[in-house]
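*Asks:* Take this structure first; my questions come after.
The values are calculated or read from the model by the stated rules, or taken from the named source; none is laboratory data. Nothing here was measured: the structure is a model prediction, and the numbers come from that model. Here the Cβ is made from the backbone with ideal geometry for all residues, glycine too, and neighbour counts use every protein chain on show. To get the accessible areas, we keep the full protein, side chains included, count just its heavy atoms, and leave off ligands, DNA and RNA. Shrake-Rupley method; radii C 1.70, N 1.55, O 1.52, S 1.80 Å.
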Amino acid sequence: MGSQHARNAARSVSDCELVALQDLDRDRAERLGRELGVGRLYDTPEELVASGTVDALLVASPDETHFRIVESCIAAGLPVLCEKPLASELKDALEVVRTEARAGARLASVGFMRRFDPGHRAVKRAADSGAIGRPLLWKGVHRNARTPYDSSGPFILANSAGHDFDSARWLLGTEIAEVSVLGLRSRDDLPDESRDLLLVRMAMADGRLGSAELFMSADYGYEVSAELVGQLGVATTAQPELSRLRSKGFRGTEVTSDWTAPFQAAYLAELAEWIGSLVEGRPFSGASAWDGYAAMAASAAASESLLRGRPAKVELAARPELYL
Ligand code: ISE
């Protein structure tokens, strides 16, 4: 993910110069540095932040390192675009929100790239235009060909479902108040604690509804969709078709297993908008630290619901004025 963002930053975003890289895997950093003509490599994120060589930082390190890197960026006054999740502990995500609120500046943004996906944006436009009347229900499908790293329910709800919680919040324009989750281990060869097929139901703060299927061992490929069911119509995302195949009495569309492939345009648009917002000194239109925190609060409640077998309330701290 980091290499991909680096390539986008170096090659495809105007007003952006990639000047430094940091990776625990030094060889990978050197290879990427050679490929992109970047000579400054740092051993630790702290050294990079303290170096004074960059105006902004993009973080795509393992989830559990996000919090400390984001906090060090904020302390140094550096804008930071951090991959999701914003932190690995809910209390840390709230700490980022509070640090920003105290400083009175939004420096941290979160990589919920679906907000920049052309299909998701078209659904949002349809809702905003009134074409489907009042949206009442958000429906999501999130399938990975194979379980990413860890197939336990809490991991999937934190790592993957954050995107769905953000999609529901963003498309319905309100917070999630309560979640209820059912989980299933889809295959006998997965560890006992696996819950790689999850059904998530949401009650939004204003009473509207959400529902998502997450299937992390879908085998046939990677697929994400979101749908808004409104009083007057329905808007559904469509992912770009890679190809149309006709073969042996079959006509269909190829499905990729690579979870980055369908969102290439989204990653690029997100980065371009973030850089544009920094250069022009205006607010970033993507996800804020508050959005990162709110998605994590929904993930935490979802884990609790799965564990206890009953609906769980999403407990949100008061939203600081900075994010209103
Ligand atoms: C992965 O970490 C991502 O961020 C992808 O967008 C998501 O679809 C996938 O399920 C995650 O594992």
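*Asks:* Taking residue 234, is it over 20 Å from residue 156 (Cα atoms), open to solvent by 60 Å² or more (accessible area, probe 1.4 Å) and aliphatic (A, V, I, L, M)?
*Replies:* In short, yes.
Per-residue answers, yes or no, for (1) of a type outside the set (A, V, I, L, M, F, W, C); (2) closer than 18 Å to residue 287 by Cα; (3) surrounded by 21 or more Cβ atoms within 10 Å (Cβ to Cβ):
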site	(1), (2), (3)
81	no, yes, yes
97	no, yes, yes
106	yes, yes, no
109	yes, yes, yes
130	yes, no, no
134	yes, no, no
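*Asks:* Filter the range 132-149 for residues that are farther than 16 Å from residue 184 by Cα, touching a helix residue (DSSP H, G or I) at 6+ places or on another chain (Cβ under 6 Å) and within 16 Å of the ligand (Cβ to nearest atom) and give the result.
*Replies:* 140
*Asks:* Got at least one residue in the range 43-62 being over 30 Å from residue 322 (Cβ atoms) and more than 19 Å from the chain's Cα centre (by Cα)?
*Replies:* Taking every residue of the range 43-62 in turn, at least one turns out to be over 30 Å from residue 322 (Cβ atoms) and more than 19 Å from the chain's Cα centre (by Cα).
*Asks:* Residues to consider are 105, 122, 131; find the one that is under 14 Å from residue 70 (Cβ atoms) and either of a type outside the set (Val, Ile, Thr) or in contact with a Phe, Trp or Tyr (Cβ under 6 Å, 6 or more places away or on another chain) (or both).
*Replies:* 105
*Asks:* Quick one: is residue 287 farther than 21 Å from residue 179 by Cβ, at pLDDT 95 or above and either surrounded by 15 or more Cβ atoms within 10 Å (Cβ to Cβ) or out of contact with any Pro (no Cβ under 6 Å at 6 or more places or on another chain) (or both)?
*Replies:* no
*Asks:* So, of the residues in the range 71-93 that are of a type in the set (Asp, Glu) and not in a loop (DSSP other than H, G, I, E, B), which turns out to be farthest from residue 159 (Cα to Cα)?
*Replies:* 71
*Asks:* Which condition from (1) away from the ligand (no atom under 14 Å from the Cβ); (2) on the phi < 0 side of the Ramachandran plot is the one that residue 104 breaks?
*Replies:* Failed condition: (2).
*Asks:* For the range 222-283, please list each of the strands (runs of 3 or more DSSP E) lying entirely inside it that holds at least 2 residues being in contact with a strand residue (DSSP E or B) (Cβ under 6 Å, 6 or more places away or on another chain), touching a residue at least 12 places away in the same chain (Cβ under 8 Å) and not hydroxyl-bearing (Ser, Thr, Tyr).
*Replies:* Result: 223-230.
*Asks:* Could you list all residues from the range 13-71 that are surrounded by 14 or more Cβ atoms within 10 Å (Cβ to Cβ) and of a type in the set (Ser, Thr, Tyr)?
*Replies:* 42, 51, 61, 65, listed by residue number.
*Asks:* Just for the range 198-215: of the residues that are within 13 Å of the ligand (Cβ to nearest atom) and open to solvent by 10 Å² or more (accessible area, probe 1.4 Å), which one is farthest from residue 185 (Cα to Cα)?
*Replies:* 213
*Asks:* On to the next question. Going residue by residue through the range 187-194, is there one that turns out to be crowded, with 21+ Cβ neighbours inside 10 Å and either in contact (Cβ under 8 Å) with a residue 24 or more places away in the chain or touching a helix residue (DSSP H, G or I) at 6+ places or on another chain (Cβ under 6 Å) (or both)?
*Replies:* Checking the range 187-194: at least one residue is crowded, with 21+ Cβ neighbours inside 10 Å and either in contact (Cβ under 8 Å) with a residue 24 or more places away in the chain or touching a helix residue (DSSP H, G or I) at 6+ places or on another chain (Cβ under 6 Å) (or both).
*Asks:* Assuming residue 88 fulfils every condition listed in (1) over 27 Å from residue 163 (Cβ atoms); (2) in contact with a helix residue (DSSP H, G or I) (Cβ under 8 Å, 6 or more places away or on another chain) apart from one, which condition is it?
*Replies:* (1)
*Asks:* Look at the range 111-128 and say how many of its residues are assigned to a loop (DSSP other than H, G, I, E, B) and open to solvent by 50 Å² or more (accessible area, probe 1.4 Å).
*Replies:* 0
*Asks:* Starting from residues that are open to solvent by 10 Å² or more (accessible area, probe 1.4 Å) and of a type in the set (A, V, I, L, M, F, W, C), keep the ones in the range 147-170 and report whichever is farthest from residue 214 (Cα to Cα).
*Replies:* Residue satisfying both the conditions and the ranking: 170.
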